[in-house]
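Visitor: Once you've had a glance at the structure underneath, I'll fire off some questions.
Where a number appears in this text, it was derived from the coordinates with a stated rule and is not lab data. Worth saying up front: this structure is predicted, and the values here are computed from it rather than measured. Cβ placement follows ideal geometry from the backbone for every residue including glycine, while neighbour counts extend to all protein chains displayed.
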């Protein structure tokens, strides 16, 4: 069986790259549509300008920026509040915002309780 080619609302990645912002806004979900039609902030405009200039790796704090077709196959470093997380943008990510792929919280990994944490561990020897 041949691998199925990715399409988003009936359009392949090459067709998505040819769409204007208004045409893209017609096929994306409401939250992204409203962001695109309202226009980008100054910081987002600067980031998009750098993106179009051809830089391969870019850093940004703009977590609310929607993923645009021109971002496909680029590595973007998204700030999560502590550090920059490196993300490769794939066509399957369209319709989402950058912040969804750079988690701001870590999973809690609990270990065994320390000495004195429970009644039974109070009598354990700590060497």
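Visitor: Can you show me the helix-derived [θ] at 222 nm for the chain, built from DSSP H runs with n ≥ 4 at -39,500 (n - 2.57) apiece and divided by the number of residues, rounded to the nearest 500.
Guide: Working: 4 runs with 31 residues, N = 127.
The helix contribution divided over the chain gives -6500 deg cm²/dmol.
Visitor: Looking at the chain only, what percent of DSSP beta bridges run antiparallel? Nearest 5 please.
Guide: On the way: 7 of 11 bridges.
Restricted to the chain, the bridges split so that about 65 percent are antiparallel.
Visitor: Provide the packing ranking of 70-81, 51-62, i.e. peptides ordered by the mean count of other C-beta atoms within 10 Å per residue, highest first. Show your work: numbers first, answer last.
Guide: Working: 70-81: 16.5, 51-62: 13.0.
Result, highest mean first: 70-81, 51-62.
Visitor: Now for a different question. Cut-off is 10 Å between beta-carbons; in what order do 97, 115, 28, 108 appear when sorted fewest neighbours first? Write down the numbers at each step before the final one.
Guide: Values: 97 17, 115 11, 28 20, 108 5.
In order of increasing Cβ crowding within 10 Å: 108, 115, 97, 28.
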